[in-house]
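Participant: Before I ask anything, here is the structure I am working with.
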Amino acid sequence: MDNHSVYRTNVIGTGEAGVAISVDMNKNVVHTVNSLFWDTKGTELLGATSLPLYGAFVSEDKCQLFGDVSGKKLLEIGCGSGHSLQYQGERSAAELWGMDLSENQIEKTRQHLAACGLSAQLVCSPMEEECGIPENYFDFVYSVYAIGWTTDLEGTLGRIASYLKKDGVFIFSWSHPIHKCVAAEDDRLVFKKNYFDESWYSVSLGDSTLTLSDRKLSTYVNALAKAGFVIEQLIEESDEDIMQSWSTNSDFAAKAAMLPVTFVIKARKL
Ligand SMILES: C[S@@+](CC[C@H](N)C(=O)[O-])C[C@H]1O[C@@H](n2cnc3c(N)ncnc32)[C@H](O)[C@@H]1O
């Protein structure tokens, strides 16, 4: 490790760790690195989180953020495996749309939905960019563990606001930033990373590389406000029943009992 590298725990999800190298953020490089990651080993290394789960310990079954989606138009940002679109399709959504940076993930979604007798309009594009998704059209835009990959949070939330009808709802989940700072070690939680540090870094997991930055919770809240959203709910709780279902010696479940590993925000376009 040189002076610019640091060992990071909890890169995303449960507890992946690797040597992180600080990088200057270059949008095109980030998209090339991350689309290669998701085109190849991404899901195998990080797993897919999909509705009804918003993260390992938060579920829509308990939170009921969507309510009745029958007859509604829904768009998923970073649709990945397609399982969340399946979840919405089975709840009689009128129209399903999904977008993702990775061709491979889009193909996975297409095949998964077809196997379930469902279909969606699928768009392969970075979420940061104009990509032909209609404006003032959707009742719900949602995203499960994908928004944090954006290179331009304010721009992305502005685009999401433009896709929604007035009073439309945006729901998304991501790793809680405090989870990124704290590691479980020998039955103790140890603070490992500066909460305020939002710099970009590259991490190698096996022979794959991803590029990311960890944003503060206030960065998300303030960017939502700037994009014209009002927050209706912020969820930081770990679900007791889900924690009970994990093995008693799971470090991750023990950590989730002490601090939020996932946050979920429900916001409404004004
Ligand atoms: C953790 S996965 C989301 C998991 C998804 N909920 C599922 O069920 O598979 C993150 C997804 O975001 C996508 N992604 C990463 N960066 C993106 C970007 N800039 N724009 C759009 N999608 C992006 C990845 O290709 C990947 O499919």
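The values are calculated or read from the model by the stated rules, or taken from the named source; none is laboratory data. Because the structure is a prediction, the values reported are computed rather than measured. All Cβ positions, glycine included, derive from the backbone under ideal geometry; neighbour counts span all protein chains shown. The protein model used for the area step is the full one, side chains on, heavy atoms only, and it has no ligands, DNA or RNA in it. Shrake-Rupley method; radii C 1.70, N 1.55, O 1.52, S 1.80 Å.
Participant: Express as a percent, rounded to the nearest 5, the fraction of DSSP beta bridges in the chain (both residues included) that run antiparallel.
Facilitator: Values: 32 of 50 bridges.
Antiparallel bridges: around 65 percent, rounded to the nearest 5.
Participant: List the extent of the Cα atoms of segment 120-165 along each of their three principal axes, largest first, rounded to whole Å.
Facilitator: 24, 20, 20
Participant: Given a Förster distance of 41 angstrom, what is the FRET efficiency for Lys216 paired with Ser245, based on the Cβ-Cβ distance and rounded to 0.05? Could you put the intermediate results ahead of the total?
Facilitator: On the way: r = 31 Å, r/R0 = 0.75.
Once rounded, the FRET efficiency stands at 0.85.
Participant: Just to be sure I understand: if I project the alpha-carbon convex hull of the chain onto a plane and average over all orientations, what area do I get in nm²? Show your work: numbers first, answer last.
Facilitator: Numbers: hull surface 55.1 nm².
Projected area, direction-averaged: 13.8 nm².
Participant: Say the cut-off is 22 Å between C-alpha atoms; which of Lys41/Lys62; Lys216/Lys255; Lys41/Lys192; Lys73/Lys266; Lys193/Lys266; Lys193/Lys216 go over it? Spell out each step's value before the answer.
Facilitator: Details: Lys41/Lys62 31 Å; Lys216/Lys255 19 Å; Lys41/Lys192 27 Å; Lys73/Lys266 17 Å; Lys193/Lys266 27 Å; Lys193/Lys216 12 Å.
Listed pairs above 22 Å: Lys41/Lys62; Lys41/Lys192; Lys193/Lys266.
Participant: With a 1.4 Å probe and every protein chain kept in, tell me what percent of the accessible surface of the chain is carbon plus sulfur. Walk me through the numbers before you get to the answer.
Facilitator: Values: 5940 of 12130 Å².
So the carbon and sulfur contribution to the accessible surface is 49 percent.
Participant: Under the Karplus relation 6.51 cos²θ - 1.76 cosθ + 1.60, θ = phi - 60°, what is the ordered set of whole-Hz ³J(HN,Hα) values for segment 102-107, x standing for Gly and Pro?
Facilitator: Running phi through 6.51 cos²θ - 1.76 cosθ + 1.60 with θ = phi - 60° gives 9, 4, 5, 5, 4, 5 Hz.
Participant: Let me ask something else. Taking a cut-off of 24 Å, what percent of all Cα-Cα pairs in segment 77-189 are separated by more than that?
Facilitator: Numbers: 1867 of 6328 pairs.
Distances greater than 24 Å cover 30 percent of the Cα pairs.
Participant: Which order do the peptides 144-151, 50-57, 160-167 come out in when sorted by mean C-beta neighbours inside 10 angstrom, highest first? List each step's numbers first, then the result.
Facilitator: On the way: 144-151: 23.8, 50-57: 22.0, 160-167: 17.8.
Sorting 144-151, 50-57, 160-167 by mean packing, highest first, produces 144-151, 50-57, 160-167.
Participant: Arranged from highest to lowest average of other beta-carbon atoms within 10 Å per residue, in what order do the peptides 186-197, 121-132, 38-49 appear? Let's see the in-between values first.
Facilitator: Working: 186-197: 11.6, 121-132: 15.3, 38-49: 17.1.
Ranking the peptides 186-197, 121-132, 38-49 by packing returns 38-49, 121-132, 186-197.
Participant: Using only the alpha carbon atoms of segment 34-117, find the Kirkwood hydrodynamic radius as the inverse mean reciprocal pair distance, in angstroms to one decimal. Mind dumping the intermediate values first?
Facilitator: Numbers: mean 1/r = 0.0750 Å⁻¹.
About 13.3 Å for segment 34-117.
Participant: For the chain, with every protein chain kept in place, what is the accessible area per residue (1.4 Å probe, Å²)?
Facilitator: On the way: 12130 Å² over 270 residues.
Result: 45 Å² per residue.
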